[in-house]
Every structure is written in C-alpha cells, then in structure tokens.
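Coordinate-derived values only; no laboratory data. Not measured: the values here are computed from a predicted model. A quick note on method: Cβ atoms are made from the backbone with ideal geometry, for glycine too, and the neighbour counts reach across all protein chains shown.
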There are 2 protein chains.
Amino acid sequence: MHKIPNIAVIRLALYAKHLEMLHNDGVELVSSVKLAKMCGANPAQIRKDLAYFGQFGVRGVGYYVKDLLGALKEVMGTNRTWRLGLFGVGNLGKALLGFEQFAQRGFVFTAAFDKDLDLVGTTVAGMEISQSEDIKEVIKGPGCFDIAVLATRADRAQDCSLRIVEAGVHAILNFTPVRLVLPDNVFVENVDFTVRLHALCYSLTTGSDVTQRHPR
Amino acid sequence: MHKIPNIAVIRLALYAKHLEMLHNDGVELVSSVKLAKMCGANPAQIRKDLAYFGQFGVRGVGYYVKDLLGALKEVMGTNRTWRLGLFGVGNLGKALLGFEQFAQRGFVFTAAFDKDLDLVGTTVAGMEISQSEDIKEVIKGPGCFDIAVLATRADRAQDCSLRIVEAGVHAILNFTPVRLVLPDNVFVENVDFTVRLHALCYSLTTGSDVTQRHPR
DNA sequence: CAGGGATAGTGAACCTTTTCACAAGACTGG
DNA sequence: CCAGTCTTGTGAAAAGGTTCACTATCCCTG
C-alpha cells in the first residue's frame, strides 16, 4: 500500500464539491476528463487520486456521480454532520455563524463562546453565546462539538486554544494570525486571508502568476 | 536563473509576517533556525527560498530583521498600500470591511458594492456602499482599487467577476464557492473555508494528519 | 456476436520541491 | 591576529508529486 499524498486528500474535497454540484444538477455520469475541466485539474491526477482509495469507476463509461460522491464522503469522513464550536463572536465570528455554505455542506454550529460579558447570554444567528470558561460544561450537553473555529483576538488565541484542547477537542480551524503551539495530536488548519492577498500583490507586481489553482 | 517555485513566494509572505512581529517586538537579528521555528518551517528551506531572490543575510551572524523585511516587501510588492474593492456587503463582506489585519498589513478598502438597493447609499464601517453597476464610474475617482474582494452570493459571482475584469481590475480574492471563468491575465485566489474543514474531518476520521503546516 | 470507440486503472518516466551536508565568510575573545 | 564558533549560501542527493502512455474493460451498433 502506497503512502497517500496529503495534497491528494485535499483535492478529494474539491472533487466532492464539484460532484455535489453535478448531483444537484441531475447529472448521473461523469468522466475524469469532464470532472478535471470543472476542477481545473489533470484527468490523470483525478484517476490517480481516486486510485489511492479504491476503484470507483467503470472502464469505458466513467464514474457514476452518486456512487463516487458517496464513496468520497465515506473516505473523507463527511457522510455525517460535524459540529462546530465558535470562539470569538466579533465581526468575523458573527459572519461565520451565519455562513450558509457551512450548513449546506454538513457543518453545524452547536456552541459559541466569547469573553465579552455583554455578549454572553445574548443570541446571535439563533445561537446563545456562552462564556469561554464554561467550555467543559457546555461540551457535556447539547453544545458538544467536534471542531473548534477560532476567531478571537490575536492576544487570546493561544490561551483559548489551550482551553479547547483541555476540553478534549482535537481539531481547530484557526482564523487568528497566531501560530498555535499545541500537542502533536491536535489538528490545526490556519486560515490567513492576508497571505492570499500577498500572493495577488506579487502576481500583480511581477506579472508572474503565483496563485493557487485549487482552493485551500 | 532558476525558476522560482510558486510556493516559495507564498512562504515569503509568511516569513514577512513573522519578521514584522519580530520587528514590532524590537528584535534586530534573527537566524534561519529561529525564524524556521516561528514559521514551522525548515531552516534550509528558508535560506533556499531567500536565495531565489538574492542574498540578504550575513554568514556567521544571521539576518537583520529590518533589512530582510524591507527586502521581502520589495520582492513581494508590499512596500506600498494596496487598495481593495469589496463586492457583496453581506455578513462576510461586512466582517471583511472591518477586518483589522487588512489595515495592519497595508490593505485598505476604498470601495464597496452591493446589488441590494436598500444597502446602496448607506455606510458600513465608514464605507459608503455603491451599486455594482457603477464600478466603472467609482474606479475613476477616489474609490479606485487594485484588488477585488468577491463576497457575493454564489449565483452572482461569475457575472460580477466579469464586470470587475471589464473595469480593468485583474486580481480577485474569491470567497464564493464558484470557479470563476476569466481571461488568463486575471489572477484569482480562491478561499474556501469548507475545504479546510474537510481536511480536519479527514484527519479526525483517519487519525492521519493532512493539515497544512503553512497558512494559505 | 464482433468490431469500434470510449474511459478507468496503473506502472514508469518525468519533473518539482525539500532536505542534507559542507564550504565560505563573519564575529568573538584572548 | 589566530583559533574557535556560528550561520549563511548552495550544489547534490533524496523525497515527493505529476503526467504520460498503455492495457484492461465496458458499452453500443450493426
């Protein structure tokens, strides 16, 4: 068994997204060439990426959209609802709470926390805000969640992430500019809009395209 | 002269970010080893990445933070202010308008557009909202901008991006889930939070870490 | 049921990127 | 001014990822 490139897993998520669109449009069959065009990828790469996990197509025919989508969701672990906990209900946090794409793709907020006592107890986008000190209590009840979304102020990010890990949550989507220092068994995805803008600046300044073909 | 890997350029932005932090903390000198620890990178890689663009260090000593930062900004084209135009003043758009990290790192919104006539004319985070039909007018005046930030509804993204390009703007930070079809001379960076969440799902489900070390 | 056309699956070649390892240069202390 | 220590810059090796090119398989048509 070969080692699967990390980046192949990321691309699987991309393929799944486009397969969902096809499925919504009622398309039943798709070839690696067509899917590649939609994703901006190479057909051979799609076939190879899929081959890391099994055989999902029919030679001479293509891939049945519904079947492949199901298989990919199984592989990715996205054939279920994942619960999110928000930390930091500022501008960005509020926007994330109401972000429709999350719900559409199986991600649901079940808890939201903030330090600001004026916010605690109020409701934003149908979600009651808790105190971040109470995380261990909240997580025992219906506010339990699988993945933390960190959107606090930078100076609270490290401290807050430690509390999250202590409460037993091992995955963090980090919107703060801080590099979190956490145990190795915690998964962290860093999102930094400014880094992406810098790529555009470089492209505009030099004329050479350094933008990513695939979303991240 | 070798070809510079795209990904090296992206990392440069990351290095610059951490150098700015060091600079703000009054640190004058840094070694590739120290900087690598901060960025979660390999020291040899940092040295190699820098070598693509010139020689910025002093052997036996390290890098002078201020000098290296200046050099990087020159290379990246970020030793100036870049003007942003927002399209779509929904939850996410509003959050982006007030996103402090943008201003801190040299990105300033000079215009904001929305289709909703109830919003047009009102002011959000000190910014007056224009009609997206008026982009060609706005861009002639003080609302001129270099990079478009696309945060419209998905069904308007393609259409809106075409208008942006027609108005002469060739760089787009795309927060919609749509794969924009645009001329080759337009630079597009796609930001998709859900793809990042999927990476976390896979990691949690399988136990194997597919998260990105470096922010994107 | 045979032939033609289409498309997945895959080993191998190719290309890119990362890491290693060491020479070159700079500072420090005596 | 010399020896020792430190750290950059860089060719070469290693690792990793992508693309090619071909085979196996399936469907459709006559």
(Q) Can you divide the C-alpha Rg of segment A:106-216 by 2.2 N^0.38 Å and report the result to two decimal places? (A) 1.28
(Q) For B:THR81, place a label point 7 Å from Cα along the Cα-to-Cβ direction in every copy; what are the distances to the other copies, in nm, shortest first? (A) 4.6
Q. Given the protein assembly as shown, what percent of its DSSP beta bridges are antiparallel, to the nearest 5?
A. 20
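Give, to the nearest whole percent, the P(r) tail of segment B:6-76 beyond 20 angstrom, counting all Cα pairs.
Of all Cα-Cα pairs in segment B:6-76, 14 percent lie more than 20 Å apart.
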Q: Please report, in debye to the nearest 20, how large the charge dipole of chain A is about its Cα centre when each Lys and Arg carries +1 at its beta carbon and each Asp and Glu carries -1 there.
A: 960
(Q) How far, in nm to one decimal, is B:ASP67 from itself in the other copies if the label point is set 7 angstrom along Cα toward Cβ? Shortest first, please. (A) 6.4
Q. Comparing A:VAL169, A:VAL33, A:VAL149, which has the greatest mean-square fluctuation in the GNM of chain A with Cα pairs linked when under 10 Å apart?
A. A:VAL33
**Q.** Charge dipole magnitude, Cβ of K and R +1, D and E -1 - segment A:6-75, Cα centre, debye nearest 20
**A.** 240
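When the helices in chain A are scored as -39500 (n - 2.57) per DSSP H run of 4 or longer and the sum is shared across all residues, what 222 nm value do you end up with, to the nearest 500 deg cm²/dmol? Mind showing how you got there, number by number?
Numbers: 9 runs with 91 residues, N = 216.
The helix contribution divided over chain A gives -12500 deg cm²/dmol.
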Q.
Can you tell me which of A:ASN79, A:ASN42, A:ASN24 moves the most in a GNM of chain A? Springs connect C-alpha atoms under 10 Å apart.
A. A:ASN24
**Q.** Protection proxy ranking, peptides B:171-183, B:120-132, average beta carbon neighbours within 10 Å, highest first
**A.** B:171-183, B:120-132
Q | Within 10 Å of each Cβ in B:85-92, the average number of Cβ atoms from other chains | A | 3
Q | Residue-averaged beta-carbon neighbours from other chains (10 angstrom radius) around A:177-190 | A | 5
Q) Using all Cα-Cα distances in chain B, what percent lands in each 5 angstrom bin from 0 up to the longest? A) 1, 6, 12, 15, 15, 14, 13, 11, 8, 3, 1, 0, 0
Q. If you take the alpha carbon radius of gyration of segment B:136-194 and divide it by 2.2 N^0.38 Å, what ratio comes out, to two decimals?
A. 1.09
Q: Could you size up the charge dipole of the protein assembly as shown around its Cα centre, putting +1 on the beta carbon of Lys and Arg and -1 on that of Asp and Glu, and report it in debye to the nearest 20?
A: 1560
Q. What value does segment B:59-153 have for Rg/Rh, both radii from Cα atoms and Rh as Kirkwood defines it?
A. 1.15
Q) Which of the listed residues, A:VAL195, A:ILE46, A:GLY126, is farthest toward the dipole's positive end in chain A, when Lys, Arg count +1 and Asp, Glu count -1 at the beta-carbon? A) A:ILE46
(Q) Ordered shortest first, which distances in nm separate the 7 Å Cα→C-beta label point of A:SER31 from those of the other copies? (A) 5.7
Q.
Please report the equivalent ellipsoid semi-axes of the protein assembly as shown, computed as sqrt(5 x eigenvalue) of the Cα gyration tensor, largest first, in whole Å.
A. 30, 27, 27
